[in-house]
1. Give the range 281-319 a look and list any residue that's outside any loop (DSSP other than H, G, I, E, B) and more than 34 Å from the chain's Cα centre (by Cα), or say none.
2. Exactly one of (1) open to solvent by 80 Å² or more (accessible area, probe 1.4 Å); (2) over 19 Å from the mean Cα position of the chain (by Cα) is unmet by residue 26. Its number?
3. Would you mind stating whether residue 444 is of a type in the set (A, V, I, L, M, F, W, C), in contact with a helix residue (DSSP H, G or I) (Cβ under 6 Å, 6 or more places away or on another chain), in a helix (DSSP H, G or I) and modelled with pLDDT of 80 or more?
4. So, in the range 73-91, of the ones that are part of a helix (DSSP H, G or I) and among the β-branched types (Val, Ile, Thr), which residue ends up farthest from residue 105 (Cα to Cα)?
5. Is it the case, given these coordinates, that residue 293 is acidic (Asp, Glu) and either modelled with pLDDT under 80 or crowded, with 20+ Cβ neighbours inside 10 Å (or both)?
6. Report the residue count in the range 193-249 for those that are modelled with pLDDT of 70 or more and either open to solvent by 60 Å² or more (accessible area, probe 1.4 Å) or not in a helix (DSSP H, G or I) (or both).
7. Regarding residue 363, is this residue touching a strand residue (DSSP E or B) at 6+ places or on another chain (Cβ under 7 Å) and open to solvent by 80 Å² or more (accessible area, probe 1.4 Å)?
8. Please specify each residue of the range 162-186 satisfying the condition of being open to solvent by 70 Å² or more (accessible area, probe 1.4 Å) and among the hydroxyl-bearing types (Ser, Thr, Tyr).
Amino acid sequence: MPTQDTDFISYNALATWVMDRVEQWRTHRDTNYQEKWDEYYRLWRGVYDAGDKTRESENSKLISPALQQAIEATVAELEEATFGSEQWFDIRDDFLDQTPGDVSYLRKLLKEDLEKEGIKEAIAEIFLNGAIYGTGVGKILVEEKTERYPVETPIPGTLTTQRLVQEIPYICVKVEPVAPQDFLIDPVATHIDEALGVATEMMKPMYSVIRGIKDGIYDDVPIGSYNDVDSDYDYESTIEDDDQVKLTEYWGLIPKKFIGKNAAYDEFDYEEDDLVEAVVTIVNDSQVLRVVENPFMMKDRPFIYYQHDRVPGKFWGRGVAEKGYNMQKALDAELRSRIDALALTTHPMMGIDATRIPRGAKLEVRPGKTILTNGDPATVLRPMNFGQLQAHTFQESAELERMLSMATGAFDTATSTAAQPRNGTASGMSMIQAASIKRQKRTLMNFQNNFLIPMLNKVINRKIQFDPQRYPLMDYKFLPYSTMGIMAKELEMTQMIQLLSVIPPDSPAHQALVVGVLESSSVNNRDELIQMLMQPADPQAQQIQQMVMQLQMAKAQADVQETQAKAQKYMAEAAEKMPSDIKAQEKLMDMQKKMLDMQKQAVDIENTRSETMRNIPEMELIQSKAILNLANARKGGV
């Protein structure tokens, strides 16, 4: 550490103690992860680097977009599953609460405040960091902002008005994404709360620090410039060095004896010295701008994180880029070797007898070129071709892409369609999509339990502390409202459409399936169509329908009775005739057959009538339950 005058450095001992640990954490992170993270970032961006060569003779710089597609498809699924519905979280109400409307009001208020400060954009970036680097980190900021509204006020003594700008201060609680390259943590810790401390290192404009000093947030200390500090912190210089500074913000335990100004630095002992939870802001690795005890009432650290794929015993997780890294490198090597070979097979090359070429001749081939030779050109010049591209290389590339998708979970299939034709069928594709959805669901549950719910708890605690007028003190229990991703919605809609083809249209289940299809669709008037389907039928129309059914059954019964009377008449006439009359016997048998048919028809009509009368109450009950469930769902989503 550089030595400076103690009149200007009030917390030299504290800065030394903090920066010693921060440098150790940075060294551990850079040694184990930084090189991999840089390559993952380049593969996602499609940026070529000479160090990414797979062989010395490689000339092509192609980068396959397979890993990019896997990362972006995974992030899109997670975003759709988290924010696909209007209500993406809920607050559980107390069972004995007599006024349930207060929880609904607080849920709407918190959702409006979070979305106003860009919570969806911040979480989308955290999803992207998690997919690329394996770990998504966010920081909860509490700021005091001013909102400006145009108002029209009357001018005293006149009948005119003037337009002014009204300023209303408010407390802003938002989430800021933190890149893994800017985040440091105790290497032996697997969770933020159990670490000795965590820190962020970022380049900030000089004016922001000067404004913080004027506002009383930071102490008035000499800042200097970043070049005055000997540090290996790597950054991309985009502005003049005098216009930027490096800010290190440490959140964690610090020795209590170092908080005092001009405290002497001596050895620290965990058994003898007391530790307090505090925040320390250091500029350019030397000057302490701020040191205060943790200002939050819960004494928690304002950081949340999640692992895209959990690595046991480690803080840093495994992302999509790491899962598909090997297949991406193999695919890049395949594509580059093919392009290099294509140059040898397509561009013309000539073999020339150098002893039979005039001195000073320029050996090149182009259209219209005249080549002078000492002898027969057919024996002096010979076109050369270094083989041809093999067709199987295209199949190998397709297999590598399939294996990359299988590794990342973007499209899960163990065998190709050539080896397993079932994967190309509708049922095979459904099984493949189900396996992929299952892996996405696992990541989503990990995000909800480790990031979303802790984030909401930290946000509401700061709202209660710094904005008590709008957020009363109560026990908040948050529930995430995740939905299906795009792929899951498409799979479910396909299954429901298949069920519609086998269920009769007059069945109650048919209407429920139609409602499910509309809920999974993305049509603009989806809610209106669902409301029209769930509207109860007109009572007058139901009465008319019942009357028509009764008239039809009465007519059928009358026809049966008329047929029975005719049959009895024919039987009586046949009885009057001689028994030996063959025609009379045939007529009698025919009448008996008709009687049996009429009786069977009467039984069928009676069964149909009783079944219809029994189904009418059940249909009305199912329709009432459906209307009640829809009303409850809309009430919960309000």
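1. 282, 283, 287, 288, 289, 290, 291, 292, 293
2. (1)
3. It is true that residue 444 is of a type in the set (A, V, I, L, M, F, W, C), in contact with a helix residue (DSSP H, G or I) (Cβ under 6 Å, 6 or more places away or on another chain), in a helix (DSSP H, G or I) and modelled with pLDDT of 80 or more.
4. My answer is 74.
5. no
6. Number satisfying all stated conditions: 34.
7. yes
8. none
The values are calculated or read from the model by the stated rules, or taken from the named source; none is laboratory data. This structure is a prediction, so every number in the text was calculated from the model and none was measured. Don't worry about glycine lacking a Cβ; one is built from the backbone with ideal geometry, like all the others, and counts go over all protein chains shown. All accessible areas refer to the heavy atoms of the entire protein, side chains included, with ligands and DNA or RNA removed. Shrake-Rupley method; radii C 1.70, N 1.55, O 1.52, S 1.80 Å.
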